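Heads up: the structure comes next, in structure tokens.
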Amino acid sequence: MILRKAVDLPNDLRGMYFSYRSLPDLSGKDIRGCVFYKCSPEIDSDECIQVEPIEDVVAYNETLNLKEVKLARADLSGANLKGADLSRKNLTWVNLEGANLEGAVLIYSEVPLANLRGVNLRGAKLTGSSFFSTDFSGADLTGADLVGAELKEAKLKEVNLRGADLRGANLKWADLEGANLEGADLEGAGYNGKTKGLADLAGYQKAGMLKW
């Protein structure tokens with residue numbers, strides 16, 4: 001939902017994401033859990049985030065519950081979200097390029113069509129999440145838990161998946177060219193003739209996969 005004029009704004013704005021250059025009058029509005037990115041003037045409230053750029057969202061966790069923040073289409077490039085819990089969230093079209101999500105929890109989250117290029121997801125728990133057509137190019141997913149993840153058409157070029165758990169993941173039409181899959185568990189992972197980058201897999205890894 002894009003809100004351009006003050007008249008468009010309802011009284012209940014909890015959890016909304018703003019990127020206005022010049023904010024409208026928010027007097028009397030409920031802005032708990034809101035994210036203000038590159039906005040002016042500054043909002044005097046301990047119940048929302050306002051930073052330029054977003055550098056360390058985790059530092060605000062004591063006053064902000066990220067589960068209430070709407071992040072679809074948000075620009076969080078370069079953000080430090082180490083250990084953040086973003087489970088069951090809608091992160092469609094989110095821009096997390098270069099962000100730090102080491103050890104983050106994104107269980108059963110919706111992250112399709114997102115920009116995760118160069119993101120740090122070492123040891124992250126991504127169980128059952130959807131990353132349909134998401135770009136992970138150059139990302140570090142060492143030891144990540146991707147059990148049952150939807151990775152159809154995902155761009156995984158040059159991604160470090162060493163020791164990652166990809167059991168039951170859907171890799172149909174995924175591009176894994178140049179990816180490091182050393183020690184990755186691909187038991188029951190699905191692929192098809194359009195999945196790229198599987199030629200160098202160890203025999204036992206390929207044997208455990210399912211061609212759909």
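Things to note:
- Between residue 88 and residue 23, residue separation times 0.36 nm minus the direct Cα-Cα distance comes to 20.4 nm.
- Restraint check, 125/196; 155/194; 89/196, Cα-Cα greater than 21 Å: 125/196; 89/196
- Length gained when the stretch residue 44-residue 113 is fully extended (0.36 nm per residue, less Cα-Cα span): 21.4 nm
- Local net charge near residue 198, Cβ-Cβ under 12 Å (Lys/Arg +1, Asp/Glu -1): +2
- Residues in the range 146-189 reached by a label modelled at residue 133 [backbone nitrogen below 20 Å; 7 Å Cα→Cβ]: 149-157, 170-177
- Ranked list, fewest to most other Cβ atoms within 10 Å of each Cβ, for 27, 77: 27, 77
- Exposure proxy for 37, 204, 108, 191: other Cβ atoms within 10 Å of each Cβ, ordered fewest to most, give 204, 108, 37, 191.
- Point-to-point label distance, residue 194-residue 182, nm (Cα→Cβ direction, 7 Å offset): 3.2
- Going by neighbour counts of Cβ atoms within 10 Å, the residues 212, 93 line up, fewest first, as 212, 93.
Where a number appears in this text, it was derived from the coordinates with a stated rule and is not lab data. Predicted model only: the values in this text are computed from it and were never measured. As a convention, Cβ positions derive from the backbone with ideal geometry for all residues, glycine included, and neighbour counts pool all protein chains shown.
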